[in-house]
Amino acid sequence: RESTSTFDTRVGETLSIMPPRTRTSSRTPSKASSSAKSPAKTRSRQAAKPKASARVKTAPVTPTAPAAAMHYEFGGPIGAAAITLVLPLVCYFLVYACNEDGCAAVGDVARRGLASLPGFPKSMPLFDAQGAVMALGWMAFTIIAHVALPGIEKQGVVLPDGSRLTYKLNGFRVFVATCVVGAIGTHAGVIDLTLVHEKFLSMLTAMIVFSYALSTYLYASSFGRGKMLAKGGDSGNAAYDYFIGRELNPRLLNGKFDLKVFCELTPGLIGWLLLDLGFAAKEYATFGAVSPAMALVCAFQGAYVIDALWNEPAILTTMDVTTDGFGFMLAFGDLVWVPFTYSLQCRYILEHPQALSNAHLALVLLVQCVGYAIFRGANSQKNLFRTNPNDPRVAHLKTLQTKRGTKLIVSGWWGICRHINYLGDWIMAWAWCLPCGFSHVVPYFYVIYFGILLAHRDARDGEACEEKYGADWVRYCAIVKYRL
(Lines give C-alpha, C1' and ligand atoms only; values in the text may rest on other atoms or scores of the structure.)
Protein backbone atom coordinates (compact mmCIF):
# COMPACT_ATOMS: atom_id res chain seq x y z
CA ARG A 1 0.00 0.00 0.00
CA GLU A 2 1.57 3.30 -1.09
CA SER A 3 1.35 6.48 0.95
CA THR A 4 2.68 10.00 0.87
CA SER A 5 3.30 12.23 3.85
CA THR A 6 3.10 15.90 4.48
CA PHE A 7 4.68 17.60 7.45
CA ASP A 8 4.14 20.68 9.56
CA THR A 9 7.47 22.40 8.92
CA ARG A 10 7.34 24.21 12.23
CA VAL A 11 6.81 21.28 14.58
CA GLY A 12 7.55 18.21 12.48
CA GLU A 13 4.21 16.49 12.98
CA THR A 14 3.46 13.86 10.34
CA LEU A 15 0.07 13.52 8.71
CA SER A 16 -0.21 10.27 6.78
CA ILE A 17 -2.28 10.59 3.63
CA MET A 18 -3.40 7.22 2.24
CA PRO A 19 -4.76 7.61 -1.29
CA PRO A 20 -7.43 5.05 -2.28
CA ARG A 21 -6.01 2.31 -4.43
CA THR A 22 -7.70 0.58 -7.35
CA ARG A 23 -8.15 -3.10 -6.56
CA THR A 24 -8.55 -5.74 -9.25
CA SER A 25 -9.51 -9.37 -8.91
CA SER A 26 -6.52 -11.59 -9.52
CA ARG A 27 -5.88 -15.17 -10.32
CA THR A 28 -3.27 -15.21 -7.59
CA PRO A 29 -4.67 -14.41 -4.15
CA SER A 30 -2.83 -12.29 -1.66
CA LYS A 31 -0.59 -13.99 0.86
CA ALA A 32 -3.06 -13.41 3.64
CA SER A 33 -5.93 -15.06 1.79
CA SER A 34 -3.89 -17.96 0.42
CA SER A 35 -2.74 -18.93 3.89
CA ALA A 36 -6.35 -19.44 4.90
CA LYS A 37 -7.08 -21.96 2.10
CA SER A 38 -6.39 -25.68 2.21
CA PRO A 39 -3.52 -26.97 0.00
CA ALA A 40 -6.02 -28.94 -2.15
CA LYS A 41 -8.16 -25.93 -2.84
CA THR A 42 -5.07 -23.88 -3.57
CA ARG A 43 -3.84 -26.40 -6.16
CA SER A 44 -7.35 -26.56 -7.66
CA ARG A 45 -7.53 -22.80 -8.03
CA GLN A 46 -4.05 -22.64 -9.52
CA ALA A 47 -5.04 -25.25 -12.09
CA ALA A 48 -8.21 -23.44 -13.09
CA LYS A 49 -8.10 -21.29 -16.21
CA PRO A 50 -10.28 -18.20 -16.46
CA LYS A 51 -12.45 -17.85 -19.48
CA ALA A 52 -11.33 -15.44 -22.14
CA SER A 53 -14.55 -13.51 -21.80
CA ALA A 54 -14.23 -13.15 -18.00
CA ARG A 55 -14.39 -9.55 -16.91
CA VAL A 56 -11.97 -8.01 -14.46
CA LYS A 57 -13.98 -6.32 -11.75
CA THR A 58 -12.63 -3.11 -10.26
CA ALA A 59 -13.56 -1.40 -7.08
CA PRO A 60 -14.93 2.11 -7.47
CA VAL A 61 -12.27 4.79 -7.21
CA THR A 62 -12.84 7.57 -4.75
CA PRO A 63 -11.65 10.84 -6.30
CA THR A 64 -8.86 12.51 -4.38
CA ALA A 65 -9.09 16.11 -3.31
CA PRO A 66 -7.34 18.56 -5.62
CA ALA A 67 -3.93 19.73 -4.50
CA ALA A 68 -3.90 23.02 -2.66
CA ALA A 69 -2.88 26.01 -4.73
CA MET A 70 0.66 27.26 -4.18
CA HIS A 71 0.73 30.12 -1.68
CA TYR A 72 3.07 32.79 -3.01
CA GLU A 73 4.58 35.59 -0.95
CA PHE A 74 6.33 38.82 -1.96
CA GLY A 75 4.09 39.28 -4.98
CA GLY A 76 4.68 35.82 -6.42
CA PRO A 77 7.21 35.08 -9.19
CA ILE A 78 7.04 38.59 -10.66
CA GLY A 79 7.56 40.22 -7.27
CA ALA A 80 10.38 37.84 -6.39
CA ALA A 81 12.17 38.53 -9.70
CA ALA A 82 11.73 42.27 -9.23
CA ILE A 83 13.09 42.22 -5.68
CA THR A 84 16.07 40.12 -6.80
CA LEU A 85 16.98 42.80 -9.33
CA VAL A 86 15.99 45.93 -7.38
CA LEU A 87 17.57 45.33 -3.96
CA PRO A 88 21.16 45.84 -5.17
CA LEU A 89 20.07 49.04 -6.90
CA VAL A 90 18.63 50.33 -3.61
CA CYS A 91 21.99 49.76 -1.92
CA TYR A 92 23.72 51.78 -4.64
CA PHE A 93 21.03 54.46 -4.57
CA LEU A 94 21.57 55.16 -0.87
CA VAL A 95 25.15 56.16 -1.71
CA TYR A 96 24.17 57.94 -4.93
CA ALA A 97 21.57 60.04 -3.09
CA CYS A 98 23.57 60.82 0.04
CA ASN A 99 27.34 61.02 0.40
CA GLU A 100 30.15 63.44 1.16
CA ASP A 101 29.28 65.55 -1.89
CA GLY A 102 25.72 66.21 -0.70
CA CYS A 103 22.50 64.60 0.43
CA ALA A 104 19.12 64.65 -1.24
CA ALA A 105 16.47 66.84 0.39
CA VAL A 106 12.84 65.89 -0.11
CA GLY A 107 11.91 69.35 -1.38
CA ASP A 108 14.75 69.44 -3.91
CA VAL A 109 13.91 65.99 -5.23
CA ALA A 110 10.26 67.03 -5.62
CA ARG A 111 11.24 70.13 -7.61
CA ARG A 112 14.25 68.96 -9.64
CA GLY A 113 13.96 65.17 -9.65
CA LEU A 114 17.11 63.09 -10.07
CA ALA A 115 19.10 66.19 -11.03
CA SER A 116 19.08 67.15 -7.35
CA LEU A 117 21.00 64.01 -6.35
CA PRO A 118 24.76 64.37 -5.82
CA GLY A 119 25.68 61.16 -7.68
CA PHE A 120 28.47 58.76 -6.78
CA PRO A 121 31.41 60.49 -5.10
CA LYS A 122 34.66 60.48 -7.04
CA SER A 123 36.54 59.27 -3.98
CA MET A 124 34.55 55.99 -4.01
CA PRO A 125 35.18 53.76 -7.03
CA LEU A 126 32.34 51.42 -7.89
CA PHE A 127 34.82 48.57 -8.06
CA ASP A 128 38.51 48.00 -7.58
CA ALA A 129 40.71 45.04 -6.68
CA GLN A 130 41.58 46.25 -3.18
CA GLY A 131 37.94 46.62 -2.17
CA ALA A 132 37.12 43.18 -3.56
CA VAL A 133 40.02 41.63 -1.66
CA MET A 134 38.88 43.33 1.56
CA ALA A 135 35.30 42.06 1.21
CA LEU A 136 36.09 38.53 0.07
CA GLY A 137 39.00 38.32 2.52
CA TRP A 138 36.54 39.07 5.33
CA MET A 139 34.29 36.23 4.15
CA ALA A 140 37.27 33.87 4.04
CA PHE A 141 38.35 34.90 7.56
CA THR A 142 34.90 34.26 9.06
CA ILE A 143 34.61 30.88 7.34
CA ILE A 144 38.03 29.76 8.59
CA ALA A 145 37.33 31.07 12.08
CA HIS A 146 33.94 29.33 12.21
CA VAL A 147 35.48 26.00 11.19
CA ALA A 148 38.60 26.27 13.34
CA LEU A 149 37.21 27.70 16.58
CA PRO A 150 35.28 25.47 19.00
CA GLY A 151 31.63 26.13 19.65
CA ILE A 152 28.65 24.88 21.54
CA GLU A 153 26.39 22.30 19.88
CA LYS A 154 22.65 22.79 19.94
CA GLN A 155 19.85 20.80 18.38
CA GLY A 156 17.33 22.60 16.22
CA VAL A 157 13.60 22.05 15.98
CA VAL A 158 12.07 18.85 14.64
CA LEU A 159 12.35 18.80 10.84
CA PRO A 160 9.70 17.61 8.37
CA ASP A 161 11.24 14.11 8.28
CA GLY A 162 11.17 13.84 12.08
CA SER A 163 14.89 14.40 12.55
CA ARG A 164 16.70 17.22 14.33
CA LEU A 165 19.92 18.82 13.10
CA THR A 166 22.82 19.68 15.35
CA TYR A 167 24.28 23.16 14.92
CA LYS A 168 27.73 24.42 15.82
CA LEU A 169 27.33 27.88 17.29
CA ASN A 170 30.45 29.99 17.81
CA GLY A 171 29.49 33.43 16.47
CA PHE A 172 30.52 35.20 19.67
CA ARG A 173 33.92 33.47 19.62
CA VAL A 174 34.42 34.53 16.01
CA PHE A 175 33.59 38.07 17.14
CA VAL A 176 36.22 37.90 19.92
CA ALA A 177 38.76 36.52 17.46
CA THR A 178 37.93 39.39 15.09
CA CYS A 179 38.55 41.93 17.86
CA VAL A 180 41.90 40.34 18.73
CA VAL A 181 43.10 40.10 15.14
CA GLY A 182 41.84 43.62 14.42
CA ALA A 183 43.61 45.12 17.43
CA ILE A 184 46.89 43.38 16.63
CA GLY A 185 46.66 44.21 12.94
CA THR A 186 45.85 47.86 13.62
CA HIS A 187 48.72 48.19 16.09
CA ALA A 188 51.10 46.59 13.60
CA GLY A 189 49.91 48.84 10.79
CA VAL A 190 48.63 45.92 8.72
CA ILE A 191 44.93 46.78 9.08
CA ASP A 192 43.60 50.27 8.35
CA LEU A 193 39.91 50.53 9.20
CA THR A 194 39.68 54.03 7.73
CA LEU A 195 39.81 52.43 4.26
CA VAL A 196 36.26 51.11 4.58
CA HIS A 197 34.90 54.54 3.67
CA GLU A 198 36.94 54.92 0.50
CA LYS A 199 36.35 51.28 -0.51
CA PHE A 200 32.71 51.16 0.55
CA LEU A 201 31.24 51.00 -2.96
CA SER A 202 33.81 48.52 -4.28
CA MET A 203 33.23 46.25 -1.27
CA LEU A 204 29.49 46.57 -1.86
CA THR A 205 29.92 45.52 -5.49
CA ALA A 206 32.06 42.53 -4.54
CA MET A 207 29.54 41.30 -1.98
CA ILE A 208 26.62 41.75 -4.38
CA VAL A 209 28.41 39.55 -6.92
CA PHE A 210 29.25 37.06 -4.16
CA SER A 211 25.62 36.89 -2.98
CA TYR A 212 24.37 36.22 -6.52
CA ALA A 213 27.01 33.49 -6.95
CA LEU A 214 26.09 31.92 -3.61
CA SER A 215 22.38 32.06 -4.44
CA THR A 216 23.00 30.39 -7.80
CA TYR A 217 24.98 27.61 -6.11
CA LEU A 218 22.24 27.13 -3.50
CA TYR A 219 19.56 26.88 -6.17
CA ALA A 220 21.52 24.43 -8.35
CA SER A 221 22.61 22.22 -5.45
CA SER A 222 19.03 21.98 -4.14
CA PHE A 223 18.22 19.58 -6.99
CA GLY A 224 20.60 16.96 -5.62
CA ARG A 225 19.32 13.65 -4.34
CA GLY A 226 18.04 13.53 -0.78
CA LYS A 227 17.70 17.30 -0.30
CA MET A 228 15.07 18.50 2.17
CA LEU A 229 13.13 21.32 0.55
CA ALA A 230 11.47 24.24 2.29
CA LYS A 231 7.68 24.23 2.37
CA GLY A 232 7.35 27.41 0.29
CA GLY A 233 10.48 27.05 -1.82
CA ASP A 234 9.47 24.24 -4.16
CA SER A 235 6.89 26.03 -6.30
CA GLY A 236 8.39 24.94 -9.62
CA ASN A 237 8.88 28.55 -10.69
CA ALA A 238 12.61 29.18 -11.04
CA ALA A 239 12.51 32.92 -10.31
CA TYR A 240 10.44 32.48 -7.16
CA ASP A 241 12.36 29.47 -5.84
CA TYR A 242 15.71 31.16 -6.54
CA PHE A 243 14.60 34.11 -4.42
CA ILE A 244 12.82 32.34 -1.56
CA GLY A 245 15.21 29.37 -1.36
CA ARG A 246 14.47 25.72 -2.22
CA GLU A 247 16.62 23.78 0.25
CA LEU A 248 15.79 24.17 3.92
CA ASN A 249 19.18 23.45 5.47
CA PRO A 250 22.03 23.39 2.92
CA ARG A 251 25.23 22.10 4.49
CA LEU A 252 28.88 21.49 3.62
CA LEU A 253 31.72 19.42 5.09
CA ASN A 254 29.62 16.28 5.50
CA GLY A 255 26.83 18.19 7.18
CA LYS A 256 29.02 19.95 9.75
CA PHE A 257 28.85 23.45 8.19
CA ASP A 258 25.32 24.88 8.07
CA LEU A 259 25.41 27.65 5.49
CA LYS A 260 22.19 29.36 6.52
CA VAL A 261 22.84 29.64 10.25
CA PHE A 262 26.44 30.74 9.60
CA CYS A 263 25.38 33.52 7.23
CA GLU A 264 22.50 34.62 9.48
CA LEU A 265 24.79 36.01 12.16
CA THR A 266 28.53 35.74 11.70
CA PRO A 267 29.80 37.53 8.54
CA GLY A 268 26.96 40.04 8.12
CA LEU A 269 26.45 41.19 11.71
CA ILE A 270 30.13 41.42 12.61
CA GLY A 271 30.84 43.00 9.21
CA TRP A 272 28.18 45.63 9.94
CA LEU A 273 29.94 46.55 13.18
CA LEU A 274 33.31 46.69 11.40
CA LEU A 275 31.90 49.18 8.89
CA ASP A 276 30.61 51.32 11.79
CA LEU A 277 34.01 51.25 13.47
CA GLY A 278 35.70 52.05 10.17
CA PHE A 279 33.58 55.18 9.76
CA ALA A 280 34.36 56.14 13.37
CA ALA A 281 38.08 55.63 12.70
CA LYS A 282 37.83 57.81 9.59
CA GLU A 283 36.07 60.53 11.60
CA TYR A 284 38.83 60.42 14.21
CA ALA A 285 41.52 60.57 11.52
CA THR A 286 39.79 63.52 9.83
CA PHE A 287 38.63 65.64 12.77
CA GLY A 288 40.82 64.41 15.62
CA ALA A 289 37.87 63.14 17.68
CA VAL A 290 34.86 60.85 17.55
CA SER A 291 31.65 62.87 17.83
CA PRO A 292 29.00 62.03 20.46
CA ALA A 293 26.56 61.21 17.66
CA MET A 294 28.98 58.69 16.11
CA ALA A 295 29.82 57.22 19.52
CA LEU A 296 26.14 56.72 20.36
CA VAL A 297 25.28 54.96 17.10
CA CYS A 298 28.36 52.73 17.28
CA ALA A 299 27.58 51.86 20.89
CA PHE A 300 23.90 51.12 20.22
CA GLN A 301 24.53 49.01 17.15
CA GLY A 302 27.53 47.32 18.74
CA ALA A 303 25.40 46.32 21.73
CA TYR A 304 22.75 44.98 19.36
CA VAL A 305 25.30 42.84 17.48
CA ILE A 306 26.92 41.53 20.65
CA ASP A 307 23.50 40.73 22.13
CA ALA A 308 22.57 38.72 19.02
CA LEU A 309 25.85 36.81 19.04
CA TRP A 310 25.70 36.12 22.77
CA ASN A 311 22.15 34.78 22.42
CA GLU A 312 22.94 32.89 19.22
CA PRO A 313 20.99 29.71 20.14
CA ALA A 314 17.75 31.72 20.02
CA ILE A 315 18.05 31.93 16.22
CA LEU A 316 17.33 28.22 15.87
CA THR A 317 13.62 28.79 16.58
CA THR A 318 13.18 31.74 14.20
CA MET A 319 11.20 31.54 10.96
CA ASP A 320 14.36 32.11 8.93
CA VAL A 321 15.84 28.84 10.20
CA THR A 322 12.78 26.66 10.78
CA THR A 323 10.65 27.55 7.76
CA ASP A 324 12.35 29.58 5.03
CA GLY A 325 14.68 28.02 2.51
CA PHE A 326 18.13 29.46 1.93
CA GLY A 327 18.09 31.43 -1.29
CA PHE A 328 18.72 34.96 -2.51
CA MET A 329 16.35 36.51 0.04
CA LEU A 330 18.43 35.43 3.02
CA ALA A 331 21.83 35.28 1.33
CA PHE A 332 21.63 38.85 0.05
CA GLY A 333 19.93 40.07 3.20
CA ASP A 334 22.56 38.58 5.51
CA LEU A 335 25.69 39.42 3.53
CA VAL A 336 24.81 42.68 1.74
CA TRP A 337 21.66 44.36 3.00
CA VAL A 338 22.42 44.20 6.72
CA PRO A 339 26.02 45.46 6.74
CA PHE A 340 25.80 47.97 3.87
CA THR A 341 22.43 49.59 4.65
CA TYR A 342 22.34 49.29 8.44
CA SER A 343 25.64 51.18 8.66
CA LEU A 344 24.10 54.15 6.80
CA GLN A 345 23.77 56.27 9.96
CA CYS A 346 27.48 56.08 10.81
CA ARG A 347 28.44 56.88 7.23
CA TYR A 348 26.06 59.85 7.22
CA ILE A 349 27.47 61.23 10.50
CA LEU A 350 31.00 60.97 9.09
CA GLU A 351 30.07 62.78 5.88
CA HIS A 352 27.68 65.27 7.53
CA PRO A 353 28.93 65.98 11.09
CA GLN A 354 26.23 66.57 13.69
CA ALA A 355 26.49 68.87 16.71
CA LEU A 356 23.81 67.62 19.10
CA SER A 357 22.61 69.34 22.25
CA ASN A 358 22.65 67.60 25.61
CA ALA A 359 18.85 67.41 25.52
CA HIS A 360 18.99 65.72 22.10
CA LEU A 361 21.56 63.20 23.36
CA ALA A 362 19.47 62.49 26.46
CA LEU A 363 16.38 61.88 24.32
CA VAL A 364 18.30 59.44 22.12
CA LEU A 365 19.57 57.55 25.17
CA LEU A 366 16.07 57.34 26.62
CA VAL A 367 14.60 55.98 23.36
CA GLN A 368 17.35 53.37 23.12
CA CYS A 369 16.88 52.21 26.72
CA VAL A 370 13.11 51.90 26.34
CA GLY A 371 13.42 49.98 23.08
CA TYR A 372 16.09 47.63 24.39
CA ALA A 373 14.17 46.94 27.63
CA ILE A 374 11.11 45.88 25.62
CA PHE A 375 13.10 43.92 23.04
CA ARG A 376 15.31 41.98 25.43
CA GLY A 377 12.65 41.56 28.11
CA ALA A 378 10.12 40.08 25.68
CA ASN A 379 12.59 37.79 23.93
CA SER A 380 14.11 36.56 27.20
CA GLN A 381 10.66 35.84 28.62
CA LYS A 382 9.67 33.88 25.51
CA ASN A 383 12.88 31.86 25.35
CA LEU A 384 12.81 31.07 29.07
CA PHE A 385 9.19 29.90 28.85
CA ARG A 386 10.06 27.64 25.93
CA THR A 387 13.02 26.04 27.67
CA ASN A 388 11.78 25.93 31.29
CA PRO A 389 8.13 26.93 31.82
CA ASN A 390 8.42 26.06 35.52
CA ASP A 391 11.05 28.72 36.16
CA PRO A 392 9.75 31.12 38.84
CA ARG A 393 10.33 34.05 36.49
CA VAL A 394 7.74 32.75 34.00
CA ALA A 395 5.69 30.20 35.99
CA HIS A 396 3.14 32.87 36.89
CA LEU A 397 2.32 33.72 33.28
CA LYS A 398 -1.22 33.06 32.05
CA THR A 399 -1.43 30.76 29.05
CA LEU A 400 -3.93 29.46 26.53
CA GLN A 401 -3.90 25.68 26.14
CA THR A 402 -4.12 24.62 22.50
CA LYS A 403 -5.41 21.40 20.98
CA ARG A 404 -1.88 20.71 19.79
CA GLY A 405 -0.79 20.32 23.38
CA THR A 406 1.25 23.53 23.45
CA LYS A 407 0.55 26.74 25.35
CA LEU A 408 0.39 30.35 24.14
CA ILE A 409 1.39 33.12 26.56
CA VAL A 410 -1.41 35.66 27.11
CA SER A 411 0.08 37.78 29.90
CA GLY A 412 3.36 39.48 30.74
CA TRP A 413 5.11 41.08 27.78
CA TRP A 414 3.19 38.84 25.37
CA GLY A 415 -0.18 39.86 26.77
CA ILE A 416 0.36 43.43 25.60
CA CYS A 417 0.52 42.59 21.90
CA ARG A 418 1.37 39.61 19.71
CA HIS A 419 4.81 40.87 18.68
CA ILE A 420 5.93 43.11 21.47
CA ASN A 421 9.56 42.27 20.64
CA TYR A 422 9.08 43.79 17.17
CA LEU A 423 7.91 47.01 18.80
CA GLY A 424 11.04 47.17 20.95
CA ASP A 425 13.20 46.52 17.90
CA TRP A 426 11.54 49.37 15.99
CA ILE A 427 11.89 51.81 18.90
CA MET A 428 15.62 51.05 18.94
CA ALA A 429 15.72 51.78 15.22
CA TRP A 430 14.61 55.34 16.01
CA ALA A 431 17.46 55.72 18.50
CA TRP A 432 19.92 54.76 15.75
CA CYS A 433 18.55 57.39 13.36
CA LEU A 434 17.86 60.34 15.69
CA PRO A 435 21.59 61.17 16.14
CA CYS A 436 21.63 62.07 12.42
CA GLY A 437 19.58 65.22 13.06
CA PHE A 438 16.65 66.34 10.95
CA SER A 439 18.22 67.95 7.88
CA HIS A 440 17.76 64.98 5.53
CA VAL A 441 15.40 62.02 5.26
CA VAL A 442 17.92 59.55 3.78
CA PRO A 443 19.49 58.54 7.13
CA TYR A 444 15.97 57.66 8.29
CA PHE A 445 15.71 55.04 5.55
CA TYR A 446 16.43 52.31 8.09
CA VAL A 447 13.60 53.12 10.47
CA ILE A 448 11.12 53.49 7.57
CA TYR A 449 12.20 50.26 5.90
CA PHE A 450 12.37 48.38 9.19
CA GLY A 451 8.84 49.37 10.14
CA ILE A 452 7.56 48.01 6.80
CA LEU A 453 9.62 44.84 7.26
CA LEU A 454 8.28 44.18 10.76
CA ALA A 455 4.67 44.74 9.66
CA HIS A 456 5.20 42.26 6.82
CA ARG A 457 6.88 39.77 9.14
CA ASP A 458 3.97 40.11 11.57
CA ALA A 459 1.55 39.27 8.75
CA ARG A 460 3.62 36.20 7.77
CA ASP A 461 3.75 35.03 11.37
CA GLY A 462 0.00 35.51 11.70
CA GLU A 463 -0.72 33.37 8.63
CA ALA A 464 1.64 30.65 9.86
CA CYS A 465 0.08 30.61 13.34
CA GLU A 466 -3.46 30.54 11.96
CA GLU A 467 -2.56 27.49 9.90
CA LYS A 468 -0.76 25.93 12.85
CA TYR A 469 -3.30 26.51 15.63
CA GLY A 470 -6.61 26.89 13.78
CA ALA A 471 -9.49 27.87 16.08
CA ASP A 472 -7.10 28.26 19.01
CA TRP A 473 -5.40 31.12 17.18
CA VAL A 474 -8.76 32.89 16.84
CA ARG A 475 -9.25 32.52 20.59
CA TYR A 476 -5.74 33.83 21.21
CA CYS A 477 -6.30 36.89 19.00
CA ALA A 478 -9.50 37.67 20.92
CA ILE A 479 -7.44 37.80 24.14
CA VAL A 480 -4.30 39.50 22.76
CA LYS A 481 -5.99 41.95 20.39
CA TYR A 482 -3.10 44.11 19.20
CA ARG A 483 -0.55 42.98 16.64
CA LEU A 484 2.30 45.47 17.25
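With the contact rule set at Cα under 8 Å and sequence spacing of 6 or more, what percent relative contact order holds for segment 73-355?
That works out to 24 percent.
On full extension of the chain, what length is gained from A289 through D108, given 0.36 nm per residue of separation minus the C-alpha to C-alpha distance?
61.9 nm
Please sort 103-109, 388-394 by packing, taking for each peptide the average over its residues of neighbouring beta carbons within 10 angstrom, highest first.
Result, highest mean first: 103-109, 388-394.
Could you tell me whether segment 73-355 comes out rounded, prolate or oblate from its Cα gyration tensor? Rule is a ≥ b ≥ c as square roots of the eigenvalues, rounded for a/c under 1.5, then prolate if a/b exceeds b/c, otherwise oblate.
Oblate is the answer for segment 73-355, as a/c is 1.5 or above yet b/c matches or exceeds a/b.
Can you compute the charge dipole magnitude of the chain about its Cα centre, using +1 on each Lys and Arg Cβ and -1 on each Asp and Glu Cβ, nothing else charged? Give it in debye, rounded to the nearest 20.
Its charge dipole is roughly 4000 debye.
Normalising by the residue count of the chain, find the relative contact order in percent from Cα pairs under 8 Å and 6+ residues apart.
15
Given the peptides 460-468, 340-348, arrange them by the average over their residues of other C-beta atoms within 10 Å, most packed first.
Top to bottom by mean Cβ count within 10 Å: 340-348, 460-468.
Nearest 10 degrees is fine. How inclined is helix 445-469 to the longest principal axis of the chain, computing both from alpha carbons?
Long axis of 445-469 versus the principal axis of the chain: about 20 degrees.
Under the Kirkwood approximation applied to all pairs of distinct alpha-carbon atoms, what is the hydrodynamic radius of segment 356-483 in Å?
16.3
Quick one: with all protein chains in place, what share of the accessible area of the chain is carbon or sulfur, to the nearest percent (1.4 Å probe)?
Taking all protein chains in place, the chain shows 63 percent carbon and sulfur surface.
Counting each DSSP H run of 4 or more residues in the chain as -39500 (n - 2.57), what helix-only mean residue ellipticity at 222 nm follows after dividing by all residues, to the nearest 500 deg cm²/dmol?
About -17000 deg cm²/dmol.
How large, in Å, is the chain by the Kirkwood hydrodynamic radius built from its alpha-carbon pairs?
Across the chain, the inverse of the average 1/r is 25.9 Å.
Can you give the FRET efficiency to the nearest 0.05 for F93 and Q401, using r as the Cβ-Cβ distance and R₀ = 56 Å?
With R0 = 56 Å, the Cβ-Cβ based efficiency is 0.65.
With +1 on the Cβ of every Lys and Arg and -1 on the Cβ of every Asp and Glu, and nothing else charged, how large is the dipole of segment 73-355 about its Cα centre, in debye rounded to the nearest 20?
For this selection, approximately 420 debye.
Find which of M329, A104, L252 sits farthest along the positive direction of the dipole of the chain, computed with +1 on the beta-carbon of Lys and Arg, -1 on that of Asp and Glu, about the Cα centre.
Selected residue: L252.
Which pairs, out of K382/K407; K407/K468; K231/K256; K231/K407; K199/K282; K227/K382, put more than 20 Å between their alpha-carbon atoms?
From the list (K382/K407; K407/K468; K231/K256; K231/K407; K199/K282; K227/K382), the Cα-Cα distance tops 20 Å for K231/K256; K231/K407; K227/K382.
For R483 and A303, what does the FRET efficiency come to when R0 = 25 Å and r is the distance between their Cβ atoms, rounded to the nearest 0.05?
That pair, R483 with A303, gives E of 0.40.
Over segment 155-306, what is the relative contact order in whole percent, taking alpha-carbon pairs under 8 Å and six or more residues apart?
Worked out over segment 155-306, it gives 23 percent.
Please work out whether segment 124-248 counts as rounded, prolate or oblate from its C-alpha gyration tensor, where a ≥ b ≥ c are the square roots of the eigenvalues and a/c under 1.5 means rounded, while otherwise a/b larger than b/c means prolate and anything else oblate?
It comes out oblate by the Cα gyration axes.
Can you give me the pair-distance distribution of segment 105-193, C-alpha pairs, 10 Å bins, whole percents?
Histogram of Cα-Cα distances, whole percents per bin: 13, 23, 21, 18, 18, 7.
Rounded if a/c is under 1.5, else prolate if a/b beats b/c, else oblate: with a ≥ b ≥ c from the C-alpha gyration tensor eigenvalues square-rooted, which is segment 267-350?
Prolate is the answer for segment 267-350, as a/c is 1.5 or above and a/b outweighs b/c.
Taking the alpha-carbon set of segment 214-335, what are its Rg and Dmax in Å?
My reading of the Cα-based Rg and Dmax gives 18.1, 59 Å.
Which Cys residues of the chain have no other Cys beta carbon under 4.7 Å away?
C91, C179, C263, C298, C346, C369, C417, C433, C436, C465, C477
Would you kindly state how much longer the chain becomes between K256 and R460 on full extension, computed as 0.36 nm times their sequence separation minus their alpha carbon distance, in nm to one decimal?
70.4 nm
Sort 273-283, 473-483, 313-323 by the packing proxy (mean of other Cβ within 10 Å over each peptide's residues), most packed first.
The most tightly packed comes first, giving 273-283, 313-323, 473-483.
Does anyone have the angle between helix 420-433 and the longest principal axis of the chain? Alpha-carbon axes, 0 to 90°, nearest 10?
Value to nearest ten degrees: 30.
Put +1 on the Cβ of each Lys and Arg and -1 on the Cβ of each Asp and Glu in segment 132-224; which of V190, P160, H146 then has its Cα farthest toward the positive end of the dipole?
Of V190, P160, H146, it is P160.
In Å², and per residue, what accessible area does segment 98-221 have when probed at 1.4 Å with the other protein chains present?
51
The values are calculated or read from the model by the stated rules, or taken from the named source; none is laboratory data. Keep in mind that this is a model prediction, so the values were computed, not measured. Note that we place each Cβ from the backbone using ideal geometry, even for glycine, and neighbour counts take in every protein chain shown. Quick note on the areas: whole protein, heavy atoms, side chains included, nothing else; ligands and nucleic acids left out. Shrake-Rupley method; radii C 1.70, N 1.55, O 1.52, S 1.80 Å.
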